[in-house]
Amino acid sequence: HGATELDEIGAEVLPRRTPAPAWLPTAKGEEGDFCLRSSDCAVGLCCARHFWSKICKPVLREGQVCTRHRRKGTHGLEIFQRCQCAEGLACRLQREHGPADASRLHTCQRH
């Protein structure tokens, strides 16, 4: 092993490379494109569940509603997942000026 094979005319025989499956995107996915993981999506997007498939969705900006998961593993139960908050933001209970229990809404807020 280790020696390179030569064919009848002396040219090197290179190992065959399996081509990528046709369904794999060659460029990063844009918003709404199907994906398997966030690395399949363009910058500023994440791969999140939408019904029974996954698509590239925008990462959340300041003030946008986000989902806070109390227990690990509950993210997979959602039919419509949201992306995480953008860098420098955290998903926190929205501050209201009324009664403390008026809103259970979480939004992306600066640390």
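Read-outs: derived from the displayed coordinates by stated rules, not from any lab. Owing to the predicted nature of the structure, the values given are computational and were not obtained by experimental measurement. Cβ placement follows ideal geometry from the backbone for every residue including glycine, while neighbour counts extend to all protein chains displayed.
General remarks:
- Residues whose amide H comes within less than 5 Å of that of Val59, counting only those at least five positions distant or on another chain, are Leu45, Cys46 (H built at 1.01 Å from N in the peptide plane).
- Under 9 Å, Cβ to Cβ, from His106 - net charge with Lys/Arg +1 and Asp/Glu -1: +3
- Distances between placed amide hydrogens fall under 5 Å for Gly29 paired with Cys41, Ala42, all partners being 5 or more residues away or on another chain.
- Close amide H pairs (under 5 Å, H built 1.01 Å from N) link Gln64 with Cys108, residues at least 5 positions away or on another chain.
- Other residues whose C-beta falls under 10 angstrom from the C-beta of Gly88 contribute a net charge of -1, scoring Lys and Arg +1 and Asp and Glu -1.
- Summed side-chain charge close to Asp40 - residues other than Asp40 whose Cβ falls under 15 Å, Lys, Arg +1, Asp, Glu -1: +2
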